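Here is the structure we will look at, set down as structure tokens.
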Amino acid sequence: MENRKVVQPNANKFVFRTMSMLYTIFTLVSYLSSTSLSINVNEFDYAVKSYIEDGIFEQLEYKSSNKDQDLLLEYDFIIVGAGPGGCTVANRLSEIPHWKILLLEAGHYFNYLVDIPVLNTNLILSPLNWGYKTEKEDCRACLGLKGQRCPWPSGKGVGGTSLINTMLYTRGNKRNYDDWAKLGNYGWSYNEVLPYFKKAERIQISELQNSSYHGTQGFIGVDYTEYNTPMLDAFLQAGMEAGYPLVDYNGKTQTGFARAQATLHKRSRRSSAKDYIDPIKKRCNLTVKDSSFVKKILIDPVTKKACGVLATIKGIDHKILARKEVILSAGAFNSPKLLMLSGIGPQEHLNDLNIPVIKNLRVGENLQEHLAMAGLTFLVNQPIGLLQDRLIKEMPVCTYF
């Protein structure tokens, strides 16, 4: 049968958005479940762009029993930012039943589209990303991008950047941790942090489940991707022909070639929201508030102790106090920004912005990105690459709607 065309009616935009939303969810989930469908690439792109432009991300949300609790005037702990750090801390602190925990997030609660791994590139262009870019610098970086400015994606929503990242599970090189410890950061050597990696992890890769470098009882699901192209086998074979071993790069030997490990469970993305918040959503001592933009940390100018926050929640300003601590986990960009807005930062910079200085510290300096080169492009002699357009075109034909 003929493919249905998506046409936006002028009379009722809401009906179109709702039908478009249901259509895309149905087709994508059905594809991941190996259900046959016929999808037109232009229809797919148009539907996804509709979500981005019309704010569908804000309308399609999971319901959480702790999301809509009444806001108290005071909590034991206030956590600013519901990324991987904030979600983890909220989970652990709320294990103490008599402590009241408030988790504040500027973005929205995660929606169903986030679960679909292939939508990664679309999600980066959505309201789930703060959309930061680097400034043009004299150094030879970002030369191939407009204005010589690199995008620095940063997740905005309950789950933070784990909502939009590529899901790669990579701990980093052991020597980095050992070097941190040598610099005076005691407790950060690789052997000291390894138990915490294992505690957090729920490895689902059969050949690694008995490894002394992996855990099986944690919150974070780690697995191989189920779908692979023939280029994976060619990549691994090329590595061996070049003299490199096949390794578990999160294990004992890290130099070599390997199949990528990812934060997945049963084909779906596992964000920190799904791993750390969703399982505990019935805890009555934890309140999660999305659409909550923290404007300032309240700090006693004499004791220099944080005692609360000023936040705009659902468009209404609130002053919320903390009996014990304010925990700042707003990410590499927004944490130093919020500190400076609260009077902690370089004195000359705060003076320029007429922000009263509480503590002159070099906050916001030494921000670095890891080295990367994104321009390596090569052709293969068969159409086997993992391209979204190709995946959609190659789906089997059947009727729908």
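Every test in (1) crowded, with 17+ Cβ neighbours inside 10 Å; (2) in a loop (DSSP other than H, G, I, E, B) is passed by Arg202 save one, and that test is (2).
The residues listed here are Gly144, Gly155, Gly184, Gly160; of these, the one that is loosely packed, with under 13 Cβ neighbours inside 10 Å, small (Gly, Ala, Ser) and either touching an Asp or Glu at 6+ places or on another chain (Cβ under 8 Å) or in contact (Cβ under 8 Å) with a residue 12 or more places away in the chain (or both) is Gly144.
The lone criterion from (1) open to solvent by less than 70 Å² (accessible area, probe 1.4 Å); (2) more than 30 Å from Lys281 (Cβ to Cβ) left unmet by Arg149 is number (1).
A quick yes/no check of all residues on (1) at positive phi; (2) among the aliphatic types (A, V, I, L, M); (3) over 15 Å from the mean Cα position of the chain (by Cα); (4) in a loop (DSSP other than H, G, I, E, B):
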| site | (1), (2), (3), (4) |
| --- | --- |
| Gly85 | no, no, no, no |
| Ala90 | no, yes, yes, no |
| Asn120 | no, no, no, no |
| Leu123 | no, yes, no, no |
| Pro127 | no, no, no, yes |
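Report yes if Ala106 is closer than 24 Å to Ile297 by Cα and among the aliphatic types (A, V, I, L, M), otherwise no. For Ala106, the condition - closer than 24 Å to Ile297 by Cα and among the aliphatic types (A, V, I, L, M) - is met.
Tallying residues that are buried (at least 16 other Cβ atoms within 10 Å of the Cβ), among the β-branched types (Val, Ile, Thr) and out of contact with any Pro (no Cβ under 6 Å at 6 or more places or on another chain) within segment 116-141 yields 2. In the set (1) more than 21 Å from Phe378 (Cβ to Cβ); (2) open to solvent by 50 Å² or more (accessible area, probe 1.4 Å); (3) in contact (Cβ under 8 Å) with a residue 60 or more places away in the chain, the condition left unmet by Pro230 is number (1). Are any residues in segment 327-361 under 30 Å from Arg92 (Cβ atoms) and free of Cβ contacts under 8 Å to residues at least 60 places away in the same chain, and if so, which ones? Pro336, Lys337, Leu339, Met340, Leu341, Ser342, Gly343, Ile344, Gly345, Ile358, Lys359, Leu361, listed by residue number. Being part of a strand (DSSP E or B), under 22 Å from Glu105 (Cβ atoms), modelled with pLDDT of 95 or more and open to solvent by less than 90 Å² (accessible area, probe 1.4 Å) is a condition met by no residue of segment 353-368.
Within segment 243-258, the set of residues being open to solvent by less than 70 Å² (accessible area, probe 1.4 Å) and charged (D, E, K, R) comprises Asp248 only.
Within this structure, Leu113 fails the test of being at pLDDT 85 or above, open to solvent by less than 30 Å² (accessible area, probe 1.4 Å), within 25 Å of Ser329 (Cβ to Cβ) and of a type in the set (A, V, I, L, M). The residues of segment 187-199 that are more than 29 Å from Thr225 (Cα to Cα) and either open to solvent by less than 70 Å² (accessible area, probe 1.4 Å) or in contact with a Pro (Cβ under 7 Å, 6 or more places away or on another chain) (or both), listed by number, are Gly187, Ser189. Among residues that are aromatic (Phe, Trp, Tyr), over 25 Å from Cys87 (Cβ atoms) and open to solvent by 80 Å² or more (accessible area, probe 1.4 Å), Phe235 is included. For segment 216-225, filtering for residues that are in contact with a helix residue (DSSP H, G or I) (Cβ under 9 Å, 6 or more places away or on another chain) and either open to solvent by 70 Å² or more (accessible area, probe 1.4 Å) or touching a residue at least 40 places away in the same chain (Cβ under 8 Å) (or both) leaves 6. All conditions but one from (1) over 18 Å from Gly331 (Cα atoms); (2) modelled with pLDDT under 95; (3) small (Gly, Ala, Ser); (4) buried (at least 19 other Cβ atoms within 10 Å of the Cβ) apply to Gly172; the one that does not is (4).
The values are calculated or read from the model by the stated rules, or taken from the named source; none is laboratory data. These figures come from a predicted structure and were not determined experimentally. So basically every Cβ, Gly included, is an ideal-geometry build from the backbone, and we count neighbours across all protein chains shown. We work out accessible area using only protein heavy atoms, side chains counted, and drop any ligands, DNA or RNA first. Shrake-Rupley method; radii C 1.70, N 1.55, O 1.52, S 1.80 Å.
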